[in-house]
1. So what's the net charge close to His719: Lys and Arg +1, Asp and Glu -1, counting the other residues with Cβ under 13 Å from its Cβ?
2. Scan segment 634-688 for trypsin sites (Lys or Arg not before Pro) in coil per DSSP, keeping those whose Cβ has at most 16 other Cβ atoms within 10 Å, and list them by number.
3. Per residue, how large is the accessible surface of the chain? Use a 1.4 angstrom probe and give square angstrom.
4. For segment 749-835, what is the convex hull (Cα atoms) projected area averaged across all directions, in square nanometres?
5. Largest first, what is the accessible-area ranking of His1007, His719 with a 1.4 Å probe?
6. Structure shown: which of Lys415/Lys630; Lys442/Lys473; Lys373/Lys417; Lys373/Lys403; Lys109/Lys394 lie over 31 Å apart, alpha-carbon to alpha-carbon?
7. Could you sort Ser446, Ser493 by their accessible area in this structure, using a 1.4 Å probe and putting the largest first?
8. Given Cα pairs under 8 Å that are at least 6 residues apart, what percent is the relative contact order of segment 648-785?
Amino acid sequence: MLRRTKQMLAMDARQMANSDSFVPVLLLSEENVEQCSQEQFLKIIANFDELCANRSIEERSQYVEQVYHRMLKILSQKTLIPLDHIIAVIKQFIIYYPSMAILTLDELKTIGIEMERRSIIIHFDMSGSMSGSGFAPLVRTVTNFCANLQTQGITIYVSLFGGNVQENVHNVINNRLLTLDEFIKGNYQPNGGTAFCPSFERTKQFASAYDAIIISDGEFTDDISRLTFQEQCKTVFFVAPPWSPKGVEQKHATAISSCVHANVPYIGIASEQYSQLDTIIEGFIRDHHSFVNLIGYTAVGTYILPSHILAPTQMVRVFNDCSSQGEQILQIFIKKLLGLFRYLEETAKLNFERCLRGIEFQSIMSLITPLTKTSYSHLETSISCQQLYGYLSKILNTFTNEKQKLIYQLAGDIKSKQEINTFWDNAMSFSERSLIIEDNEKKYGSCIGYLDFQVDNLTCTSEILLDALQQLKTIYSPENLDYLSLILDILSSCKINQQPTPGPENSHIPIWKKSDGTIELLSILRMLPSCLQQFQYSRKIPLDNDWTLQPLAASRLAWVMAASGRIFPDFITNALPSLVVPNTILTDLNIDENRSAFWMKIIRELASKLDVPPEILQTIHQILTVHNLKGFLLRLTDGSVTYEKQIYENVSPFIDTGEPSAWCIFVDENGNRVDASTGKTIAPTAFVTDPDTVARWYSTNFFMRGAVVRPRYLTLLEHPDLPEGTIELYQTSGKKDVDILRDQLIELSKGSLSSDQINAHIYTIRDRLKSIPCIVWGSNDKIGETIIMAKTACHGASLPTEKVVINISRSVIIDYLTAHCNDAFIAGALRAFSEYSRVAKEQALAGISEVDHVIECGQKTTTIPNYETMRFIHFDKPGVREYLENLQKKFIRSLRSVLTPPQFSSLSTLFKQIESTKPTDEIVSIADLELIPTQAVTTNSTQSSSRTILDQNFFTCPITLDIMDNPVTLAPCGHMFEMDAIVAYLNTAGNTCPICRSAVTNVSPNHTFKNVIEAWVAQQTI
């Protein structure tokens, strides 16, 4: 080394030694951590990483533990230590003792940390409603258990509330709180009103942390909006005396929820729990009353943990460190995690909305998803992970339900709903950005550039972009295809810049190059949500929280990109194959997320690239088929067919005969009915005149409900000269004209005419002549004229018809579809769906879903049942066969959608594509598209669904009147038809359009509209 160089180094060393910050590390390494002065210890912490590196691995863990414990003791004494020094010690400690990353109060006491104890403030109701006989025992109970707590070193204060009398008590002592002794000696009695606000006013500036006990038997009657915030309150107990109304403790929870911090637990002791008052309160205070405030740490219930490990990436790292040290260490850590979430669950009971808005709730909730994913990956090897996974799944479901209830309650308040959704998304989203960058820098070195999303070209709103990015979490089953299309558009137009786009650092997406020359695409997709910050910064609007996608979600997005057929920049296209590789998690059909129709179609599209085995492809086809069948059957209802039939079948409208008895009925000169053959008078009726006999017939008439004796006014109309009291019996009254003519025809035909023919003949006579001719017996000329007139009138008559409705039940339709399908699996699946209700309970108990049961039955089916064995008795009736055949066509068309590729744009977008390429405004099913309700990505931020309700007529061929399978467009007019139908028409009817009669110069397939039809058919099966 040159002399000049040595001199310069020596001078630098002397300058360093003269500075206050210089500490010889070798000297510090010899210091006894537990006995050195506080000044020396702070210097040790400042150089902690270097001191650890100079120690052997065997010594390092014990040394780190000693430093960590000494640091906690100093922090509990309110000594200030730089936060970066604290974090450095914590990181080294967690490496060796990961299960101690979260500390309980008992563990802190074992270390020797100086703990603080909270006071207790009792808000005592002194209103007139408390003046009953039970008040004195209530006071004795409260003072006895408070005296017991006071012997344990807990200070007790009392604040009276009620009316002016209680206010005067506190005014005399300068508005301070009463001590427990003062309260006992004062012998205060209920009196006055029920004002509670002054009591909270007295405690709002309390100097130290405390727990509040509110003792009251009714609701607060003063204006609770005036209740002041209780900054130091850490727990709220509400005690309802035995005579209190039911549920009063819940009403108090609502009243005071806005007056305490979001993480304050609420313990309501209802009137029926009053006997356990001392046990409940003393038990909680025993476990929670001690506390400690440490710089760089967060207290959650009875747990203390470093604030920085509330970041999901850090918590997952600690979890994995515990897992690497064995099940016993992991079990200790998971027990503490469960304690954190149980505390969160308890605090949410006070007021879920207020809790959701709290930072602590959001911080802990952000751990649920990563910890759920992490514990899920260890289910097969760890019992404690099974417990954690089960509990996190339950609590997530509970909070999700609470959130949905809250959204329902805020139905009319759009602003509050948006706020709640934002708070929820913030709580459920988390960023692994720092971890991604740290890992990539270790693997690939410095980044080569930054991704530019071209946000200036986006025409959507910030809300829509946020919704589109949030949907990537559930991209396996996207609710809005337009949002998915927006993400694909963004990725299609992005580029690489050497410098990051303007904006905060967390909006930059660095790009790394791998050894094979391609970019590291997974990290780009995981940090894709940062484009929202870029967009918001460019629009000068508030920025949302930073968050990242999970690796599996990013991999799913890559698969969707590969299957979409979109054109991406070369740097993405070249890197995409590295992510479209076999992945057992993403193709495991036992995972519910992979069984959505959209995702299974993605797997099918990429089967050759993913090496998907044939049995998986077959299972995918079967699941898609079953889902399709289920959708079809859910929409299938009982049907009916209506047709007209002749009332009298296989007969003539009238009997062509000259016999008078076939056309007339006969009377004598006095108008009495006579026999058509003999001319003898027919006895018209039977009359009863004997009073006793009349009485007996009336008695019979009463029991038979008027079916025997004819009403007297009707009898007198025909026989006005009958003696008083005479009755006419129904069963012997004269026959009507129709019945007489029918009897004549029966006698005339001697059984050769059917009853239908006789009835048809009578119907025709009455229809054409309005009544049956009545002729005097023996007037032959008149009879002949009447016969000729009647026959002339009846010529050309038609038989009467009636409308017949044939009801066709779902079961009949399913039987028909089952017997007429050519696939045994489909036949078995249809049969299983129709019979599932019979075995539903048994299958549910066995844990078998309806879809799995149907698939199993379909796989077991080897033969298709013969429809003849289940023949519908009305099958040959007019219209029935056509009705069933039409349903079968719809069924086949629905099944065909199983084979269609996944859609990446909504029907609305596809229609716009067609409309932009249509040659004229006269295209069938296109001209009216502007009238269709659509959801444009650039305008609607509140809708979450892109489904468009369309009429089947849009897709119907004007010739076949059926949905087109292969639509073609005629030139130059632009009308569309089914290919086979229009070709056959042009070959027979000439080269003109059947709609506008213009000359046809070209017939070309319309592939775009075919895609629209397939998308619409697929939509009908969802």
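1. -2
2. Passing sites in segment 634-688 are Lys680.
3. 50
4. Average projection, Cα convex hull of segment 749-835: 11.0 nm².
5. The most accessible residue leads, giving His1007, His719.
6. Pairs exceeding the cut-off: Lys415/Lys630; Lys109/Lys394.
7. These residues rank, largest area first, as Ser446, Ser493.
8. Relative contact order of segment 648-785: 40 percent.
The values are calculated or read from the model by the stated rules, or taken from the named source; none is laboratory data. Just so it is clear, the structure is predicted and the values come from calculations on it, not from any experiment. Note that each Cβ is placed from the backbone with ideal geometry, even for glycine, and that neighbours are counted across all protein chains shown. Just the protein is used for accessible areas: all its heavy atoms, side chains included, with ligands, DNA and RNA removed. Shrake-Rupley method; radii C 1.70, N 1.55, O 1.52, S 1.80 Å.
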